[in-house]
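Everything on this sheet refers to the single structure shown next.
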Amino acid sequence: MRYAVHPFNKAAISPLIYEAEFGKRIDENGNKRKRVDALCPACDKGLHLVGDLDPKVDTIFSHYPSSGFCPIKESGKHKYRILPEADADPDRARQLKKAFFDNWRFHWNRFRQYVGHADIEDFIALIEYADKRNVWHYRHLEEHEVIIVFLVIKDFKPVLTHEGKVLRKHWVRFWFDSAVRSLDDFWHLTEANKVMLKASYKVPEGEKLSPDYLTNFQVVEVDLTYLSDPDEGGGTVPNYIELKMKKTVKKHMKKMQLSA
Ligand SMILES: [Zn+2]
């Protein structure tokens, strides 16, 4: 990866900054230098530089082979799945779903802010996907966390306007901390520990992400108050968004009335 966490001050550092501060691999006497490891933003394990001796390849940070599970090392798909809830409460699930659709404008606006430009079609696809898997049945899922599920089950590719203007050039992926292996683990954390890691990647050649494309990361706290104490305009959306969502909202509201 192209960024790591500074071992002492916890800032994001690039390989160049790391070498400037901790020295090159080989010292002036030709001996291997002892350097403190940079840290991985997701698993906190040590990272070392690779590629620094070969001018033909980029110098990047890499995990040690035996460092164990880390979400960033998973280059393929996300590991988080919406699983059937054994302990579901149908009334609560119905209420949650209805509340979500009543407040969809707030959810869309907050979702968009988390991702940093999002596509309404992605949002609709995520609603349909999550609905099919009965996300509403998670007993510990709060309304403001429905969009957190959306964030961690999908990658967000760059967003362009119809005219081809770039709104977001990076590929974005959200992870939980490495201690969290499933959505269920996440619901059982205390509110203060509910954080996500937002990783931005350069668009890979081919379709597959790998840690080598990671260009930036930040820790994102889960917003608990966008429904109870919304920002100005939190409940308004442009007309074209309203139009795109109309059918989806109507369909789900109708289905809920039929099943009441
Ligand atoms: Zn890691």
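The number of residues in region 156-199 that are small (Gly, Ala, Ser), away from the ligand (no atom under 16 Å from the Cβ) and not in a loop (DSSP other than H, G, I, E, B) comes to 1. The lone criterion from (1) surrounded by 13 or more Cβ atoms within 10 Å (Cβ to Cβ); (2) at positive phi left unmet by GLY234 is number (2). Taking the criterion of being in contact with a strand residue (DSSP E or B) (Cβ under 8 Å, 6 or more places away or on another chain), part of a loop (DSSP other than H, G, I, E, B), over 19 Å from GLN218 (Cα atoms) and away from the ligand (no atom under 16 Å from the Cβ), would at least one residue in region 37-49 satisfy it? No, that holds for no residue. Note on region 46-68: residues that are touching a Phe, Trp or Tyr at 6+ places or on another chain (Cβ under 7 Å) and not aliphatic (A, V, I, L, M) total 2.
So which of ALA192, ALA179 is aliphatic (A, V, I, L, M), without any contact (Cβ under 8 Å) to a residue 12 or more places away in the chain and in contact with a helix residue (DSSP H, G or I) (Cβ under 9 Å, 6 or more places away or on another chain)? I'd like the intermediate steps shown before the answer.
On the way: ALA192 fails: in contact with a helix residue (DSSP H, G or I) (Cβ under 9 Å, 6 or more places away or on another chain).
Within the list ALA192, ALA179, the selection yields ALA179.
Which one is surrounded by the most Cβ atoms within 10 Å (Cβ to Cβ), of the residues in region 52-74 that are assigned to a loop (DSSP other than H, G, I, E, B) and of a type in the set (Val, Ile, Thr)?
THR59
Of all the criteria given as (1) surrounded by fewer than 18 Cβ atoms within 10 Å (Cβ to Cβ); (2) touching a residue at least 12 places away in the same chain (Cβ under 8 Å), the one not satisfied by VAL159 is (1).
When you scan region 22-34, how many residues do you find that are of a type outside the set (Val, Ile, Thr) and in contact with a strand residue (DSSP E or B) (Cβ under 8 Å, 6 or more places away or on another chain)?
3
Being without any contact (Cβ under 8 Å) to a residue 12 or more places away in the chain, away from the ligand (no atom under 16 Å from the Cβ) and hydrophobic (A, V, I, L, M, F, W, C) is true for just one of ALA11, ALA93, ALA99, ALA88. Which residue is that?
ALA11
Of everything in region 75-103 that is in a helix (DSSP H, G or I) and of a type in the set (Lys, Arg), the residue that is surrounded by the most Cβ atoms within 10 Å (Cβ to Cβ) is LYS97.
If I filter region 36-51 for residues that are surrounded by 11 or more Cβ atoms within 10 Å (Cβ to Cβ), β-branched (Val, Ile, Thr) and either more than 25 Å from the chain's Cα centre (by Cα) or farther than 25 Å from GLU207 by Cβ (or both), do I get at least one hit? Explain how you work it out, then say what you get.
Filtering region 36-51 for residues surrounded by 11 or more Cβ atoms within 10 Å (Cβ to Cβ) gives 36-51.
Among the residues that remain, those that are also β-branched (Val, Ile, Thr) are: 36, 50.
Filter once more, keeping what is either more than 25 Å from the chain's Cα centre (by Cα) or farther than 25 Å from GLU207 by Cβ (or both): 36, 50.
So far as region 36-51 goes, yes, one or more of its residues are surrounded by 11 or more Cβ atoms within 10 Å (Cβ to Cβ), β-branched (Val, Ile, Thr) and either more than 25 Å from the chain's Cα centre (by Cα) or farther than 25 Å from GLU207 by Cβ (or both).
Scanning region 20-35 for residues that are farther than 28 Å from SER200 by Cβ and touching a helix residue (DSSP H, G or I) at 6+ places or on another chain (Cβ under 9 Å) yields one hit, ARG33.
Each value in this text was obtained by applying a stated rule to the coordinates, not by laboratory testing. All values derive from a computational prediction rather than experimental measurement. Positions of Cβ are generated from backbone atoms using ideal geometry, with glycine treated the same way; all protein chains shown enter the neighbour counts.
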